[in-house]
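One structure is given here, and the rest of the page talks about it.
The values are calculated or read from the model by the stated rules, or taken from the named source; none is laboratory data. Keep in mind it's a predicted model, so treat the numbers as computed, not measured. We place every Cβ from the backbone using ideal geometry, glycine too, and count neighbours over all the protein chains shown.
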Amino acid sequence: MPLDPITIVMFALIALLIFFMFRNGKKRQAAQLELQNSVRPGAEVMLQSGIFGTIDSIDEEDNKVTLRSGTSTFVVHRNAVSQVVTPVDAPVEAESSALAPDDDPAFGERFSSTDAAPVADPFAPGDVAPAPEADPRREGDNDTDVDGQGNGSAPKA
């Protein structure tokens, strides 16, 4: 009985799925073993409920952990510890800008990509914008349906 290619591909996919299931199970088991080995008195931990605390003592026989959080003391099951909190150093921030902090542009100024000198904004708050009639983009626009602000579009009802 010859096997057609679709059946072979189907069996290969099932075998691949089983392989990944075992692989993920072993990874989870290794991570759990590493967590249990790092749970020691004095370690800062977080419980599954989100409570942070410091381990005072561990009872190996009953799988209990005595945890101190603030002024309270908890006795929890060892598996309630979800992670060991380790201090994380702040990432070193590399200076990506060519500008020094005191070279920030003033309000209304822009920096061009070719210059390091500020370019004045043509429509800065102190300047007056050109009237709509003098605006060259609106020369051929004789539309009478202009809203009160001169945008060229009337409000729709």
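When residues of the stretch 13-58 are filtered for being exposed (fewer than 10 other Cβ atoms within 10 Å of the Cβ) and among the hydroxyl-bearing types (S, T, Y), how many remain?
Number satisfying all stated conditions: 1.
Would you pick out the residues in the stretch 37-63 that are among the hydroxyl-bearing types (S, T, Y) and assigned to a strand (DSSP E or B)?
T54, S57
Within the stretch 59-93, restricting attention to residues that are closer than 19 Å to Q32 by Cα, among the β-branched types (V, I, T) and at pLDDT 90 or above, which residue is surrounded by the most Cβ atoms within 10 Å (Cβ to Cβ)?
Among them, the one singled out is V65.
Take the conditions of a type in the set (S, T, Y), in a strand (DSSP E or B) and without any contact (Cβ under 8 Å) to a residue 12 or more places away in the chain and apply them to T66. Does it pass?
Yes: the conditions hold for T66.
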